[in-house]
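Engineer: The structure follows.
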Amino acid sequence: PRFETCWPALMKDSHGVIIIFNPELPSHLKEIEMWYSCFVQQQTLLDSQCLLVAHHKPGSAEDTENLSLAYPLNKLKLIHSNLEEDPEDVRMEFMKYFRSLITIINESREREEMSIIS
């Protein structure tokens, strides 16, 4: 929040938002609602352009794997990252996310070009 004055510059022309949080911290669960509101909803990005990453530190509680988020966060793609156990899974999920963003950007660009032509 202390960098709020920089947010417009960060958000300008962005195509995607990745929100990384610690699922063990109740304060983080409240904060991700604010991040989603500011960086996704207010920019009118699609939910598919947002990725939530619940990052588990080594030795963290296992029960946070069954994280249930409230609406509207429960509509977003959520991945659990534990770099000690599944670094390859996390890498694959990031690749899928970036591929989906590229598809969205290309489709948007094609629509713009078609609207200029017609």
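Engineer: Roll a 1.4 angstrom probe over the protein heavy atoms and tell me the percent of accessible area of the chain that is carbon or sulfur.
Structural biologist: Roughly 57 percent of what the probe reaches on the chain is carbon or sulfur.
Engineer: With a point put 7 Å past each Cα toward its Cβ, work out how far residue 99 is from residue 43 in nm, to one decimal.
Structural biologist: 2.3
Engineer: Find how many whole Å separate the alpha carbon centroid of region 20-48 from the alpha carbon centroid of region 53-118.
Structural biologist: When both Cα centres are located, 13 Å separates them.
Engineer: Here is a further query. Assuming R0 = 30 Å, what is the FRET efficiency of residue 10 and residue 118, from their Cβ-Cβ distance, to the nearest 0.05?
Structural biologist: The calculated FRET efficiency here is 0.30.
Engineer: What number of lysine-lysine pairs in region 7-117 show an alpha-carbon separation below 20 angstrom, given a sequence spacing of 8 or more or placement on distinct chains?
Structural biologist: Taking region 7-117 as the scope, the lysine pair count is 5.
Engineer: Could the peptides 38-50, 84-96 be put in order, highest first, of the mean number of other beta-carbon atoms found within 10 Å of their residues?
Structural biologist: Packing proxy ranking, top to bottom: 38-50, 84-96.
Engineer: Give me the angle, in degrees from 0 to 90, between the Cα long axis of helix 26-36 and the longest principal axis of the Cα atoms of the chain, rounded to the nearest 10.
Structural biologist: So the helix axis and the longest Cα principal axis differ by about 0 degrees.
Engineer: At 1.4 Å probe size, with every protein chain present, just tell me what the per residue accessible area of region 7-117 comes to in Å².
Structural biologist: For region 7-117, the solvent-accessible area averages 66 Å² per residue.
Engineer: Okay, moving on. Working from Cα positions, state the angle (0 to 90°, nearest 10) between the long axis of helix 87-117 and the longest principal axis of the chain.
Structural biologist: For helix 87-117, the angle is close to 20 degrees.
Engineer: Take the Cα atoms of region 7-117, build their convex hull, and give its volume per residue in Å³.
Structural biologist: In region 7-117, the Cα convex hull volume per residue is 110 Å³.
Engineer: Using the Cα centre of region 1-64 as the reference point, and only Cβ charges (+1 on K/R, -1 on D/E), how large is the resulting charge dipole? Debye, rounded to the nearest 20.
Structural biologist: 220
Engineer: Moving to a separate point now. State the extension gain, in nm to one decimal, for the chain segment bounded by residue 111 and residue 75, taking 0.36 nm per residue of separation less the distance between their alpha-carbons.
Structural biologist: 10.4 nm
Engineer: If you don't mind, there's one more thing I want to ask. Could you calculate the contour length gain from residue 66 to residue 18, that is, 0.36 nm times the residue separation minus the distance between their Cα atoms, to one decimal place in nm?
Structural biologist: 15.3 nm
The values are calculated or read from the model by the stated rules, or taken from the named source; none is laboratory data. None of these values were measured; they are calculated from a predicted model. Don't worry about glycine lacking a Cβ; one is built from the backbone with ideal geometry, like all the others, and counts go over all protein chains shown. Note: areas computed on protein heavy atoms with side chains; ligands, DNA, RNA excluded. Shrake-Rupley method; radii C 1.70, N 1.55, O 1.52, S 1.80 Å.
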